[in-house]
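Read the structure below first, then the notes.
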Amino acid sequence: MTIKITLDSEYVNNLDISPAIKVISQLLEEDAVASHEQQLSFDINYSLEPGDPRELSEIPELRLWFVRLDAKYPWLPFLLDWKSGELARYSAMLVPHQFSAKEGIQYNPEALEIFLMHKIFILGDWLQEQGISSPSRLKSMAQMLGYELDDALFEIFA
């Protein structure tokens, strides 16, 4: 079951993350976060001027909204629907990148590596607090972003 967070220009322009807080708080209150792994997506209705060629992740106001959301819920990638591209879109909101007509999104490699490792450490601790086994989940997340993580990494901070 997909859980949607709907955003419009007003929420974004006011840095109002209340639509996300409402949905995520309900999951936290129900103690249902673990059961909604990879089920969250965003329905973004952001108004652009006619002819504006930018992708959503190229809009500074929208990126700032996601930076604010990430500061509130740094473990949010656990809930995102990776298969439908939400992890990639979320990453694009937070990591410098460019678009290529041939190859699609091209992340800044160093920025993506820092972002990924930051998320690995945050999620590793958070998943442990939730009583959820994490190495395979974290390795899968890294693979979605083009990285292979060695098991030795998890032994270091286990």
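The values are calculated or read from the model by the stated rules, or taken from the named source; none is laboratory data. All of these numbers come straight from a predicted model, not from anything done at the bench. All Cβ positions, glycine included, derive from the backbone under ideal geometry; neighbour counts span all protein chains shown. When the accessible area is computed, the model is the full protein with side chains, heavy atoms only, and any ligands, DNA or RNA have been set aside. Shrake-Rupley method; radii C 1.70, N 1.55, O 1.52, S 1.80 Å.
Structure values in brief
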| item | result |
| --- | --- |
| Gly146, sole failed condition from (1) in a helix (DSSP H, G or I); (2) within 17 Å of the chain's Cα centre (by Cα); (3) exposed (fewer than 14 other Cβ atoms within 10 Å of the Cβ) | (1) |
| Qualifying position, being buried (at least 18 other Cβ atoms within 10 Å of the Cβ), among the basic types (Lys, Arg) and under 29 Å from Tyr11 (Cβ atoms), among Lys83, Lys119 | Lys119 |
| Near pairs, Cβ below 7 angstrom, 6+ apart or cross-chain, from the range 87-114 (under 23 Å from Leu40 (Cβ atoms)) to any residue that is part of a strand (DSSP E or B) and among the polar types (S, T, N, Q) | His97/Gln106 |
| Wholly within the range 17-94, helices (runs of 4 or more DSSP H) carrying at least 2 residues that are within 17 Å of Thr2 (Cβ to Cβ) | 18-29, 86-94 |
| Among residues of the range 95-118, those that are part of a loop (DSSP other than H, G, I, E, B) and not acidic (Asp, Glu), counted | 5 |
| Residue check, Ser100 of a type outside the set (Val, Ile, Thr), farther than 26 Å from Val33 by Cβ and open to solvent by less than 70 Å² (accessible area, probe 1.4 Å) | yes |
| Count of residues meeting criterion [in a loop (DSSP other than H, G, I, E, B) and under 16 Å from the mean Cα position of the chain (by Cα)] in the range 120-143 | 0 |
| Restricting the range 36-68 to residues that are of a type in the set (D, E, K, R) and touching a strand residue (DSSP E or B) at 6+ places or on another chain (Cβ under 9 Å), the residue that is modelled with the lowest pLDDT | Glu55 |
| Condition broken by Ile132, with the remaining ones in (1) open to solvent by 30 Å² or more (accessible area, probe 1.4 Å); (2) farther than 18 Å from Ile17 by Cβ satisfied | (1) |
| Residue in the range 11-32 that is within 14 Å of the chain's Cα centre (by Cα), modelled with pLDDT of 95 or more and either within 21 Å of Ser140 (Cβ to Cβ) or open to solvent by 50 Å² or more (accessible area, probe 1.4 Å) (or both) present | no |
| Failed item in (1) in contact (Cβ under 8 Å) with a residue 12 or more places away in the chain; (2) surrounded by fewer than 18 Cβ atoms within 10 Å (Cβ to Cβ), with Gly51 passing the rest | (1) |
| Residue count, the range 107-116 (criterion: surrounded by 13 or more Cβ atoms within 10 Å (Cβ to Cβ) and of a type outside the set (Phe, Trp, Tyr)) | 5 |
| Index of the failed condition, Trp65 passing every other in (1) farther than 19 Å from Leu127 by Cβ; (2) open to solvent by 10 Å² or more (accessible area, probe 1.4 Å); (3) not polar (S, T, N, Q) | (2) |
